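Notes for the one structure printed next.
The values are calculated or read from the model by the stated rules, or taken from the named source; none is laboratory data. These numbers were taken from a predicted model, which means no experiment stands behind them. Virtual Cβ from ideal backbone geometry, glycine too; neighbours counted across all protein chains shown. The protein model used for the area step is the full one, side chains on, heavy atoms only, and it has no ligands, DNA or RNA in it. Shrake-Rupley method; radii C 1.70, N 1.55, O 1.52, S 1.80 Å.
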Amino acid sequence: MLVNEQGTICGPELENSLPSTSRFRRLAQNNTLVDGPSLTGYYTSCPAMDREGTTVFRRDGKLLAVDADLASHELFAMGDDRNVMGRTLLLYDGRVVVSLDSKVLAFHSPLGPLTEGPLVMRGCESSGKSCDGPFRPAC
(Lines give C-alpha, C1' and ligand atoms only; values in the text may rest on other atoms or scores of the structure.)
Protein backbone atom coordinates (compact mmCIF):
# COMPACT_ATOMS: atom_id res chain seq x y z
CA MET A 1 0.00 0.00 0.00
CA LEU A 2 1.20 3.50 -0.83
CA VAL A 3 0.09 6.94 0.32
CA ASN A 4 1.16 10.03 -1.60
CA GLU A 5 1.43 13.62 -0.35
CA GLN A 6 -2.22 14.31 -1.30
CA GLY A 7 -3.32 11.34 0.83
CA THR A 8 -4.23 9.04 -2.08
CA ILE A 9 -4.04 5.40 -0.96
CA CYS A 10 -3.42 2.73 -3.58
CA GLY A 11 -1.46 -0.39 -4.42
CA PRO A 12 -1.51 -3.94 -5.73
CA GLU A 13 -3.71 -6.43 -3.91
CA LEU A 14 -1.99 -9.43 -2.40
CA GLU A 15 -3.72 -12.78 -2.02
CA ASN A 16 -2.76 -16.37 -1.34
CA SER A 17 -4.40 -18.12 -4.26
CA LEU A 18 -3.74 -19.02 -7.87
CA PRO A 19 -4.92 -18.19 -10.42
CA SER A 20 -4.70 -14.60 -9.30
CA THR A 21 -7.79 -12.44 -9.08
CA SER A 22 -5.78 -9.51 -7.70
CA ARG A 23 -6.11 -6.00 -9.03
CA PHE A 24 -4.38 -2.72 -8.53
CA ARG A 25 -6.81 -0.64 -6.44
CA ARG A 26 -7.25 2.86 -5.12
CA LEU A 27 -9.24 3.89 -2.04
CA ALA A 28 -11.71 6.63 -3.00
CA GLN A 29 -12.67 9.56 -0.74
CA ASN A 30 -15.97 7.79 0.10
CA ASN A 31 -14.01 4.71 1.33
CA THR A 32 -14.91 2.54 -1.66
CA LEU A 33 -12.32 0.67 -3.73
CA VAL A 34 -11.75 1.77 -7.31
CA ASP A 35 -10.73 -1.10 -9.62
CA GLY A 36 -7.53 -0.73 -11.57
CA PRO A 37 -5.94 -3.27 -13.89
CA SER A 38 -6.01 -7.01 -13.20
CA LEU A 39 -2.68 -8.48 -12.09
CA THR A 40 -1.35 -11.85 -13.20
CA GLY A 41 1.06 -13.96 -11.21
CA TYR A 42 1.61 -14.20 -7.51
CA TYR A 43 4.79 -12.60 -6.15
CA THR A 44 4.96 -8.80 -6.02
CA SER A 45 7.83 -6.49 -5.14
CA CYS A 46 7.29 -3.65 -2.70
CA PRO A 47 5.97 -0.79 -4.87
CA ALA A 48 7.08 2.84 -5.18
CA MET A 49 5.12 5.91 -6.35
CA ASP A 50 6.35 8.98 -8.20
CA ARG A 51 5.10 12.56 -7.71
CA GLU A 52 2.68 12.23 -10.64
CA GLY A 53 0.90 9.31 -8.94
CA THR A 54 2.40 6.51 -11.05
CA THR A 55 3.15 3.35 -9.08
CA VAL A 56 5.88 0.96 -10.21
CA PHE A 57 6.46 -2.63 -9.05
CA ARG A 58 7.59 -6.02 -10.34
CA ARG A 59 5.09 -8.86 -10.71
CA ASP A 60 4.99 -12.05 -12.79
CA GLY A 61 8.36 -11.33 -14.44
CA LYS A 62 7.30 -7.83 -15.51
CA LEU A 63 8.17 -4.35 -14.35
CA LEU A 64 4.76 -2.63 -14.30
CA ALA A 65 3.71 0.98 -13.90
CA VAL A 66 0.13 1.95 -13.06
CA ASP A 67 -0.53 5.65 -13.63
CA ALA A 68 -2.84 8.01 -11.73
CA ASP A 69 -5.66 7.15 -14.18
CA LEU A 70 -5.21 3.44 -13.30
CA ALA A 71 -3.84 2.55 -16.74
CA SER A 72 -1.20 -0.20 -16.68
CA HIS A 73 2.08 0.06 -18.61
CA GLU A 74 4.63 -2.73 -19.02
CA LEU A 75 8.11 -1.20 -18.70
CA PHE A 76 10.14 -4.41 -18.96
CA ALA A 77 9.56 -8.16 -19.13
CA MET A 78 11.98 -10.96 -18.45
CA GLY A 79 11.15 -14.67 -18.43
CA ASP A 80 12.20 -15.37 -14.89
CA ASP A 81 11.04 -17.69 -12.12
CA ARG A 82 13.03 -16.08 -9.29
CA ASN A 83 10.61 -15.10 -6.55
CA VAL A 84 12.74 -13.39 -3.92
CA MET A 85 11.97 -9.73 -4.51
CA GLY A 86 12.72 -6.69 -2.43
CA ARG A 87 11.90 -3.03 -2.61
CA THR A 88 11.35 -0.97 -5.72
CA LEU A 89 13.22 2.33 -5.67
CA LEU A 90 12.72 5.44 -7.80
CA LEU A 91 15.77 7.61 -8.27
CA TYR A 92 15.60 11.32 -9.03
CA ASP A 93 16.47 10.89 -12.72
CA GLY A 94 13.64 8.42 -13.48
CA ARG A 95 15.66 5.26 -12.98
CA VAL A 96 13.81 2.36 -11.35
CA VAL A 97 15.88 -0.01 -9.21
CA VAL A 98 14.59 -3.40 -8.03
CA SER A 99 16.26 -6.23 -6.20
CA LEU A 100 15.74 -9.75 -7.45
CA ASP A 101 17.35 -12.62 -5.54
CA SER A 102 20.99 -11.54 -5.16
CA LYS A 103 20.87 -9.10 -8.09
CA VAL A 104 20.07 -5.40 -8.33
CA LEU A 105 18.46 -4.35 -11.61
CA ALA A 106 18.26 -0.72 -12.81
CA PHE A 107 16.03 0.55 -15.63
CA HIS A 108 15.60 3.92 -17.33
CA SER A 109 11.96 4.99 -17.23
CA PRO A 110 9.70 7.98 -17.89
CA LEU A 111 8.81 8.17 -14.19
CA GLY A 112 9.55 11.17 -12.03
CA PRO A 113 11.02 11.45 -8.54
CA LEU A 114 9.63 9.51 -5.59
CA THR A 115 6.58 11.08 -3.96
CA GLU A 116 7.16 12.76 -0.62
CA GLY A 117 4.42 10.85 1.20
CA PRO A 118 1.72 12.33 3.44
CA LEU A 119 2.30 15.86 4.65
CA VAL A 120 2.51 16.51 8.36
CA MET A 121 -0.61 18.42 9.34
CA ARG A 122 -0.10 21.92 10.64
CA GLY A 123 -2.37 23.86 12.95
CA CYS A 124 -3.69 20.84 14.85
CA GLU A 125 -2.99 22.47 18.19
CA SER A 126 -5.18 25.45 17.38
CA SER A 127 -8.03 23.17 16.25
CA GLY A 128 -7.98 21.27 19.55
CA LYS A 129 -7.09 17.95 17.86
CA SER A 130 -4.19 15.86 19.10
CA CYS A 131 -1.15 15.57 16.83
CA ASP A 132 0.48 12.78 18.84
CA GLY A 133 1.02 9.27 17.54
CA PRO A 134 1.98 7.77 14.18
CA PHE A 135 -1.17 8.93 12.40
CA ARG A 136 -1.89 12.61 12.11
CA PRO A 137 -5.53 13.79 12.17
CA ALA A 138 -6.93 15.84 9.30
CA CYS A 139 -7.15 19.39 10.63
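Data table
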quantity: Point-to-point label distance, PHE76-MET1, nm (Cα→Cβ direction, 7 Å offset); calculated: 2.9
quantity: Calculated FRET efficiency for the pair ARG95/SER17, C-beta based, R₀ 35 Å, to 0.05; calculated: 0.55
quantity: Three-way shape call for segment 1-42 based on the alpha-carbon gyration tensor, with the a/c threshold at 1.5; calculated: prolate
quantity: Convex hull per residue volume in Å³, alpha carbons only, for segment 1-120; calculated: 108
quantity: Heavy atoms of SER102: accessible area, 1.4 Å probe, square angstrom to 10; calculated: 110
